[in-house]
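Step one of this worksheet: look at the structure below.
Bear in mind these aren't lab numbers, they're just calculated from the coordinates by the rules spelled out. This one's a predicted model, so the numbers in the text were calculated from it and none came from an experiment. Positions of Cβ are backbone-derived with ideal geometry, glycine not excepted, and every protein chain shown enters the neighbour counts.
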Amino acid sequence: MKESVVHLQGNTSDLIIQTHPVVEILYWGDKISGVEATAIQAVKRAVPNGRLDVDTPVTISPEHGRGVFSSPGMEGNRQGLDWSPVFEFQAIQQDGNHLLITTEDQIAGLKMVCELKLDSQTDVLQVRNTLTNLKSATYQVDRLAVTLPLPERADELMAFHGRWVREFQPHRLKVKHGGYQQENRRGRTSHEYFPGFMQGTTSFSEQQGEVWGFHLAWSGNHRLRSDVKTDGRRFVQAEALYFSGEITLSEGESISTPWVYAAYSAQGLNGMSHAFHQFVRKQIIQFPDHKPRPVHLNTWEGIYFDHDPEYIMQMASRAAELGVERFIIDDGWFKSRNNDLAALGDWYLDTNKYPNGLEPVVAHVRNLGMEFGIWFEPEMINPDSDLFRAHPDWLLALDGYQQPTGRYQYVLDLQKPQVFDYLLERLDTMLGRYDIAYVKWDMNREVVQPGHDGYAALDGQTKALYDLFDELRQRHPKVEFESCASGGGRIDYEILKRTHRFWTSDNNDALERQQIQRGMSYFFPPEVMGSHIGGRHCHCTRRTHSIGFRGLTALFGHMGVELDPVKESAEERAGFTHYIALHKQLRPLLHSGKVVRIDHHDPALQINGVIAQDQSSAVFLFSQLAMPTYTLSGNARLAGLDPTKHYRLTVLDQPASMRTGGVMKKLPLWLDEEMTLSGAWLAKAGIALPVLDPESALLIKLDAM
Ligand code: GLA
């Protein structure tokens, strides 16, 4: 069969796929103008001595049977047979930049369909593979991955590690030989292994270098790997991770990988984030209304389980005075929930705590002009609950084993219709009965031995969770949901299709948040990042931070406060009011603009900004995370503005300590004098930085003249 290629064209990137004689991505990178049909002849590989006698293509699902010795694109068997399929091209369907490529192995009785879409506006590439069993005997699927090739020069990798109260910590490694692999078996997206990473040219940075970014949109178990073949070629694989025997296909049945979202950038990590953010805004978030995201007050760190409706109403009154727009009662409102030992599953109002019902609280909040929100943890059950006493068999577990509890709770088996129906009824009834605008949907434990009818069932559990969300969303399309899992344990694009924001971390320490939020910002735009001002003394770390540092750290995300405003001092309350007002003033820009993280020589200072899409204005935050390395902090070179325009610089917020004479005898002039600078000057020469105390921050605005 004749060679043939398909060329998908993005705005700034191109993808070229060969379909005959084998299906292989030949090029994915910077846009090339005027590609000639014959050009692919120029990249035909040599066949070296000492290896197989033919070229061994890394196809869209690499095959051992073609002589590829690396990780294949799928693994499985039919009672030991049909274990090494080789997929031959069958058909291609193209609709603009949307491709469906069908391949088949008639001996093994398997069909593989690869679906690719290159979004021509944002340049985000979307890929998934679907495997179908064509024979009558059952096929067991052990692995099914999306495989994307990378050029040899992509020899550095940046991934994330983390834990509870410390999500999205980046680390880097050289990928010269061997590779990188992360496996998540925790039953949720996890704090430990965010399902995404970036790979790029040597020393790629926020602003420099070529970068390819990948995210597996999946809230269950996963495996990601980046391989260097011994011939130097590289590829990335992303897949849902299956337990043994978890996936079996009867004749005609199929399984698809989760979607993999990928982006190429010739302008460092910022270019990649820009692509992902715009894509998320246009195609992932499915809530129709584009109303400003209301400022929250969440009661958790203010009162924990101590719910007294009279007091909660006082909190709401104080919250409204601060400028809060949505008031959320967290854990502790339902029957016998006095601590974290009991009651999960019993989703009925605790009438001992709320003798007059929830209505007076909701009405009070609504009368103050705020929306009302409430906390649930639907997937969970405490052994000490009425639900467990009535239905001990509703657990996601294996009979005969005693699995460990996590936060004193077990997981419900959502694939049992009775469980699904019970949760749907409870949530549906609550959302129908009260004027609830928002649900904080929590998930506070890792999943051990997820068994359904004896079989491994995490894949099914994850899909059932999506179904539950989808059904509720259909019944209550205006209710917004937050994805929380002990903070940031379930942050991914697939859950974001059903939710509206994330609880980024249980850690409200501003210093820790600076790192966590920067990590999250690579794949997620600011408006989905829940960021709250916590108390002066952080509950997680016992550190103390000024209201300035806390306020500015929470400012860029979906802002809120997480404390008891009744107990706060007048001075602190004035601070909350100030930062909430500042946030509202900047919110249209912050929640629609282009995020930039500035390369700076001193890691003790973190600079990030948001630039309006039309480059008419921008804000930049200078956050001093630790003692400056040098006596001066150098210039901040603020890239991303229109080089031909002039901008007026305004200082919006500065640490009081800066002017008390401790660290500087003389301040940079722009702190006190009006200054107008061109976008070109700001990017290339920049502005001299003041010397800041550790754990303080300064905010500036630039407006085009
Ligand atoms: C988790 C969440 C917190 C809070 C508690 C309530 O830890 O991450 O924000 O809602 O549960 O129990």
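The label point for Asn356 and the one for Asp399, both projected 7 Å from the Cα toward the Cβ, are 5.1 nm apart.
Contact order, relative form, for the range 395-500: 32 percent (alpha carbon pairs under 8 Å, 6 or more residues apart, mean separation divided by residue count). As a rough footprinting exposure proxy, the listed residues Thr429, Thr189 were ranked by other beta carbons within 10 Å of their own, and the order from fewest upward is Thr429, Thr189.
For the pair Thr644 and Tyr348 in one chain, pulling the backbone fully straight at 0.36 nm per residue adds 100.5 nm over the alpha carbon distance.
From most to least packed by mean Cβ count within 10 Å, the peptides 3-9, 699-705 give 699-705, 3-9.
Across every direction, the projection of the convex hull enclosing the Cα atoms of the range 285-357 has a mean area of 6.5 nm². Built from the Cα atoms of the range 630-705, the convex hull projects on average onto 5.1 nm², one quarter of its surface area. For Val54 and Ala574, the difference between the fully extended length at 0.36 nm per residue and the C-alpha to C-alpha distance is 179.9 nm. Projecting the Cα atoms of Gly209, Leu131, Gly252 onto the charge dipole of the chain, computed from C-beta unit charges around the Cα centre, puts Gly209 farthest toward the positive end.
The modelled label-to-label distance between Glu674 and Leu424, using points 7 Å beyond Cα along the C-beta direction, is 6.3 nm. Here the range 565-705 was treated as a single set of alpha-carbon atoms; its pair distances binned every 5 Å from 0 give 2, 10, 18, 22, 19, 16, 9, 4, 1, 0, 0 percent. Can you list the residues of the range 138-166 with backbone N under 15 Å from a point 7 Å past the Cα of Glu253, pointing along Cα to Cβ? 138-143, by backbone N distance to the label point. By the count of other C-beta atoms within 10 Å, a proxy for reagent exposure, His539, His307, His171 are ordered fewest to most as His171, His539, His307.
Computed over the range 487-539, the alpha-carbon pair-distance distribution with 10 angstrom bins reads 25, 55, 18, 2, each value a whole percent. Once the Cβ-Cβ distance of Lys567 and Ser120 is raised to the sixth power relative to R0 = 56 Å, the FRET efficiency obtained is 0.60. Per-residue extension of 0.36 nm, minus the Cα-Cα distance of Ala581 and Asp599, leaves a gain of 3.5 nm for this segment. The reciprocal of the average 1/r between distinct C-alpha atoms defines the Kirkwood hydrodynamic radius, which for the range 500-572 equals 12.3 Å. Across the range 117-255 the C-alpha pair distances fall into 10 Å bins from zero in the proportions 11, 35, 34, 16, 4, 0 percent. Name the lysines eligible as straight-distance cross-link partners of Lys291: C-alpha to C-alpha under 27 Å, and not fewer than 8 places from it in the same chain. Excluding near neighbours in sequence, the set is Lys282, Lys440, Lys478, Lys497, Lys584, Lys594, Lys701. Place a point 7 Å from the Cα of Leu667 along the Cα-to-Cβ direction; which residues of the range 685-705 have their backbone N under 18 Å from it? Within reach of a label on Leu667: 687-702. With R₀ set to 30 Å, the beta-carbon distance separating Asp614 from Asp435 gives a calculated FRET efficiency near 0.20.
Altogether, the Stokes-Einstein calculation at 4 °C and 1.567 mPa s, with the Kirkwood radius of the chain over Cα pairs as Rh, returns a diffusion coefficient of 48 µm²/s.
Normalised by the number of residues in the chain, the mean separation of alpha-carbon contacts (under 8 Å, six or more apart) gives a relative contact order of 10 percent. Under the combined filter of DSSP loop state and at most 14 neighbouring Cβ atoms within 10 Å, the range 133-184 retains these GluC sites (Glu not before Pro): Glu152. Near Val260, once Lys and Arg are set to +1 and Asp and Glu to -1 for all other residues with Cβ below 14 Å from its Cβ, the sum equals -1.
Report note on the peptides 272-285, 347-360, 523-536: ranked by the mean count of other C-beta atoms within 10 Å, highest first, their order is 523-536, 272-285, 347-360. Going from the fewest other Cβ atoms within 10 Å to the most, the residues His578, His364, His583 appear in the order His578, His364, His583. The share of C-alpha pairs in the range 1-69 whose separation exceeds 16 Å stands at 54 percent. With the simple model of a label 7 Å out from the Cα in the direction of the Cβ, Val5 to Ala137 spans 4.1 nm.
Calculated FRET efficiency, Asp308 and Asn339, Cβ-Cβ r, R0 22 Å, to nearest 0.05? It comes to 0.90. Compactness check for the range 403-536: Cα Rg over 2.2 N^0.38 Å is 1.14.
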